[in-house]
Each structure stands twice: as structure tokens, then as C-alpha cells.
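*Asks:* Before I ask anything, here is the structure I am working with.
The values are calculated or read from the model by the stated rules, or taken from the named source; none is laboratory data. Everything quoted here is computed from the prediction, not taken from an experiment. No Cβ is skipped: glycine too gets one built from the backbone with ideal geometry, and neighbour counts run over all protein chains shown. Each accessible area value is taken on the protein alone, full model and side chains, heavy atoms only, with ligands, DNA and RNA left out. Shrake-Rupley method; radii C 1.70, N 1.55, O 1.52, S 1.80 Å.
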Amino acid sequence: MCHRIKQDYSGNSYLGLHLGTQLFRALILDSKLNVTYVAQIRYDVDLPEFKTTNGILSDGGPGEFLANPVMWVKALDMLMDCLVKQGADMHSVVSIAGAAQQHGCVFWSELGLRRLCNLNVNLRLHEQITESAFELTRTPTWRDSSTDVQVREMEHTVGGPAELSKISGSRAYTRFTGPQIRKVYTQCPEQYKRTSRISLISSFLASLLIGGIASIDYSDGSGMNLLDIRRKKWSPACLDACAPDLARRLMKPIPSSRLQGRIGDYYVKRWNFRPDCMVVASTGSKASELAGLLVENDFLMLSLDTSDVVVMPLKKAPRLEDGHVMCHPTRRDEYMGLLCFQNGGLTRKAICEDVAGGSWRRFYEMLDATPSGNSGNVAVHFRDREIIPTAKGTLRWDAHINPMAAECIRGRHRFSTPEIEVRALIEGQIMHHWSIAHEMGFHHTPDTKIIVVGEDSRCQSVLQIVADIFNAPVYQRTGVEVSLLGCAFRARYAFYEHRESACNCQSCMMPTGRKTRLSFDEFFRDVPSGLKLAAEPTPGCDKIYKPLIERCSQICQLLASKSSVYFFHPNV
């Protein structure tokens, strides 16, 4: 008789970690999936010695958005201390899963590998994993757009953007890891030559946890322009187009559900983790959001955060001209479609500072003071270089601007009131997201749920604008950040998959003698999704927004055509 079935798992807990652009967060769920502890470290505020703004160093060159990986190391150390000070029993944590901002990478030195594998419990993490642990102490993040040359080189070598998209799920993008690695190889050849291993930020997080180099998972690896997303292997053609001897530095990719190993002995001795605590492969932020929704079919997720992102689950991998197809984090042999927009939360924050003195209450009061459609006033704010389309700049049109006249290029310098400015910003962003998603084939049916998540999804007026522009009901998930929740859910499922379902007693077997192992979706099927209907489309909204969406698309095209001269012909 198997005794495991009698084990009491009620005292177990599950830890999720999210290494974001501006914040490092942690969450612990108990055995009933209740949130028991939440902690966060704000880089700008809690780690002022790194001198970041919105998590980014200020000394980058044109188009560079860099961070010091030691900052993330110290943030992890502080985060663990914070949980313990709150009273969290780390010995009850049986599994950990993480997520991190996508595309960024870390270049390990040989000394860094030795220190990582031999952590001294008498020293803090950042006292050992110092700048000497990395060949680059200014490492690229997802916001970096300084690799136009490397993008063109990789696409040309592979056989063009369509061929690269066919293999990796995306044409080359400046922020993707492949072009970033190639930039390091071409501009810092000595540092590249000395680099022992290259981690994504997600696998970097898992590496810190296990005290060794962790593998890159399929889902986050899909955002590198290096992984063959159908074969789940590094593409030789893509690797050759990027940099020499790259496969060794990356190591073999693994499924997102695979265990990376046990928690490092350092954590056992310092924070009283149990020695058999499992560490699951870390993944990307948006993949983790998908895991945290607990919605199986027929939905489109709109994430309003530092970046804005549209995500949809896909049964098969289509070939998109723009946008990204990535491996699904919880469904083997399925995919997710992703459209990322650079000018999201940070653009909203900048306009809030400009028109409302940084007061979000006043900002949203201004939004409420204007009608749907904003009396025909439309604006597109690409303060940072946008991803789709490749464009930068701001352009405002009022209802009187003729898109065929010369004045459409100049637009209006400002609108007449700050209230109009606020609505033009929000409506312009949502219309841009909708039109790009529609062009890329992200269609929804009358039954599709539009699920809005992220830091900026808490305003009812914004949710109503989404419902009216998408002309569909909008659902909201209240409570904890969904990406962080997705980490904890993945940790919980890993414990089931690798521990609980390993029981071979008769009661756990099917009549055929086979094991009854539930899928991720099946395991959480009876867990409430936490979704609530937040907004429904206003009758007649399509008549208001259909012509405005067309004008918004025209503005985006104008900005893209003006920007192309600078981005692709910088010497003109």
C-alpha cells in the first residue's frame, strides 16, 4: 500500500516571483490558493544607489535601455528578507515559479559561475554576485531599440524577415535577444568571447534560486529570434546569423513546466527553505499572465502596464507579418499570439505629469469630463520608439484636419483643454491597439471575453473605452497582479505534477492501469477565475469609433513614414 496518499499537504505553500521592469514582487499562496503574503521592491525607490528611472539606467546611449543585473540580485535578497519579516514560514514553501520581463539577457563571467555555485551563507547575495560576476554590467532590457543594424544583418543572413518569422515566430525586432546578443558580439567581442553563459532575465532568476545556471524555457525563448518554435530547438540558421558558439552559451531549452532543480543550499541555510523545495522553469511576464487568468478558451487579453500587450491563445502557429507567435506556457504544442506596444504605462505617466501634475485622481477626472469620441480629437503619442509600427513622435488631429491636406503632417501643437488631451491619449492608445490587432488577424467572436489586466486597468472609464472601441464586453480580474499569480499557480501545478501525481497506488490509477494526470487547465478548472464583468459596449459606440479608428491608423502611418527616414537611413 502506498503511504503517500495519506500525506497531509494542508501546510504547504507556493511562492511566485516576478522580476519586472520597475518592480520585483513576491507572492505566497497557501494550500487553498489563498494569498497569504505579498512583498515588493521598487528599484527607483528602494535601491537608489543604482540611480534608475523606471528601472532603467540613465547613462545609456541612443536607443539603449539598460539595467545593472546586480540590482536585481540585491532586490531578490531584500525581497526574501521582506517576506520573512512579515512572518512567512519559508520552510512551508514546497515549490517556486518565477517570471521576468521578456527579451533582456545577462552575460555571465566564469567568475560569476563559480560564485553562483558556491554561495556563502554568511554573505548577502549581492555581496557575492557582484559586477565581476558579469561580462556586461549594463545589460539590455526589453525596451532597448539600439540594434537596427543587427536586425537587418540577421534577417538578411537567414533569408529575409518572412523566413525568420517562419522559424522563430517573429521577424527580427530590435528589442529581441538575438539582435541584442549580436550587438554585443560585434561591438564587444572580447566580452562576448569571455562570456561563459547567457541567460534570459527569466532564467537568470531561476539560476539565482538553484545556485547554478538554469535553462531557458520554450515560451520565453520564443522571444529571442533564435528558437525554432515548432521543433522546440535552437535553430542552427538563426544561431549562425547571430553569433559564434552560441548554442553552448545558451544551453538546451526546456519545457516551461520542467523543474530546474531544488532550491540552492544558500536559501535553505539563510531563509529556512526546505531542502526539497522545487524550482520550476521561469518564463516571461506575458506568458505568466496567460497562466494566471485560468480561462481556457475564447478570450483576448489586453495588458495595460509598463508596456501594453495584446495576447491570445492559439491552437496552431500562424505566420504573421508583424507581431509574435510564442510557445504556450502551460499547453504543450500550443501557442500564444502576442502584440507588444512600447508606449503604454510610461507614456500615460508622462502625460499625467504634464496635464495633472502627476495626480492620477485628477487625470481620470479629466477623462470623465469629456465625451466618447472626444468630439473628433485624436492623438497618437509615440514618445519612445514604437514597435508596431516602427515610429516615433506625437501627432494630434482635431475634427477639422483633412488627412489629404498638408496640415495633416503638422497636426495641432496642443488641444484646447487638458481634458481633451487626456481622452485623446487614452482613446488613441486603445484604438491603435485594436487596429494593429485587427490587421494581424486577432479577430474575436461575440462570445470572446476581452480581459483587461495590468496596473492601469483599474480605472472604470478606461475599461469603458476598451469595451466601446473593441465593441465587446470587458472583464477584469481584481486583486493580485495576474502575472505574479500565474507564477504561484505554476508552482502549485508543478508540485502536483512532480510530487502528488507521482503516487502509484491503486486508487490513483485508471482501470487501464495508467496514471490519471490532470493537465494545467484541468487541475485549476474548479478554481474561480476571479473575473467580473467590468464594462459593456455603449449602444452606438461603433458609429462613434469606426471613423476615428481609421483616422488613428492614418496618423500612425504618417508617423511611421516620417520615422523610417531616421531609423533606416540615419545618414540621410
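*Asks:* Expected output is a single nm value to one decimal: the length gained when fully extending between Asn54 and Ser561, i.e. 0.36 nm times separation in residues minus the C-alpha distance. What is it?
*Replies:* Here the answer is 179.6 nm.
*Asks:* With +1 on the Cβ of every Lys and Arg and -1 on the Cβ of every Asp and Glu, and nothing else charged, how large is the dipole of the chain about its Cα centre, in debye rounded to the nearest 20?
*Replies:* 1320 debye
*Asks:* Which entries of Lys286/Lys316; Lys51/Lys85; Lys74/Lys252; Lys74/Lys183; Lys392/Lys543 have Cα-Cα distances beyond 20 Å here?
*Replies:* Too far apart for the 20 Å limit: Lys51/Lys85; Lys74/Lys252; Lys74/Lys183; Lys392/Lys543.
*Asks:* Assuming R0 = 41 Å, can you tell me the calculated FRET efficiency for the pair Asn297 and Ala399, based on Cβ-Cβ distance, to the nearest 0.05?
*Replies:* My answer for the efficiency is 0.50.
*Asks:* If you take every residue apart from Thr52 with its C-beta less than 14 Å away from the C-beta of Thr52, what net charge results, scoring Lys and Arg +1 and Asp and Glu -1?
*Replies:* Within the 14 Å Cβ shell, the charges total 0.
*Asks:* Can you bin the stretch 215-341 into rounded, prolate or oblate? Criterion: square roots of the alpha carbon gyration tensor eigenvalues sorted a ≥ b ≥ c, rounded for a/c under 1.5, prolate for a/b above b/c, oblate for the rest.
*Replies:* Oblate, because a/c is 1.5 or more while a/b does not exceed b/c.
*Asks:* Nearest 0.05, what FRET efficiency do Gln187 and Trp360 give at R0 = 41 Å with Cβ-Cβ as r?
*Replies:* The pair Gln187/Trp360 has a calculated efficiency of 0.50.
*Asks:* So, one more: Heavy atoms of the protein only, probe of 1.4 Å, neighbouring chains included. What is the accessible area of Asp46 in Å², nearest 10?
*Replies:* Asp46 has an accessible surface of roughly 50 Å² with all protein chains in place.
*Asks:* Here is a follow-up. Which of rounded, prolate or oblate describes the chain when judged by the alpha-carbon gyration tensor and an a/c cut-off of 1.5?
*Replies:* The shape class here is prolate.
*Asks:* Here's another thing I want to ask about it. Which value, to two decimals, describes the C-alpha radius of gyration of the stretch 294-571 once divided by 2.2 N^0.38 Å?
*Replies:* 1.16
*Asks:* Could you provide, to the nearest whole Å², the per residue accessible area of the stretch 294-571 with probe 1.4 Å?
*Replies:* 44 Å²
*Asks:* So for the chain, taking the charge dipole from beta-carbon charges (+1 Lys/Arg, -1 Asp/Glu), which of Phe523, Leu47, Ile263 sits furthest toward the positive end?
*Replies:* Toward the positive end, the furthest listed residue is Ile263.
*Asks:* Could you point to the residue in Val453, Gly428, Val380 farthest towards the positive end of the stretch 377-474's charge dipole, with +1 and -1 charges on the Cβ of Lys/Arg and Asp/Glu respectively?
*Replies:* Value: Val380.
*Asks:* For the stretch 13-283, just say rounded, prolate or oblate: build the C-alpha gyration tensor, square-root its eigenvalues into a ≥ b ≥ c, call rounded for a/c under 1.5, and beyond that prolate if a/b exceeds b/c, oblate if not.
*Replies:* Prolate, because a/c is 1.5 or more and a/b exceeds b/c.
*Asks:* Of the DSSP beta bridges with both residues in the chain, give the percent that are antiparallel, rounding to the nearest 5.
*Replies:* 75 percent
*Asks:* Can you give the FRET efficiency to the nearest 0.05 for Asp81 and Cys117, using r as the Cβ-Cβ distance and R₀ = 35 Å?
*Replies:* 0.95
*Asks:* Next up: Within the set of other residues whose C-beta is less than 12 Å from the C-beta of Ile129, count the net charge using Lys and Arg as +1 and Asp and Glu as -1.
*Replies:* With Lys, Arg at +1 and Asp, Glu at -1, the net is +1.
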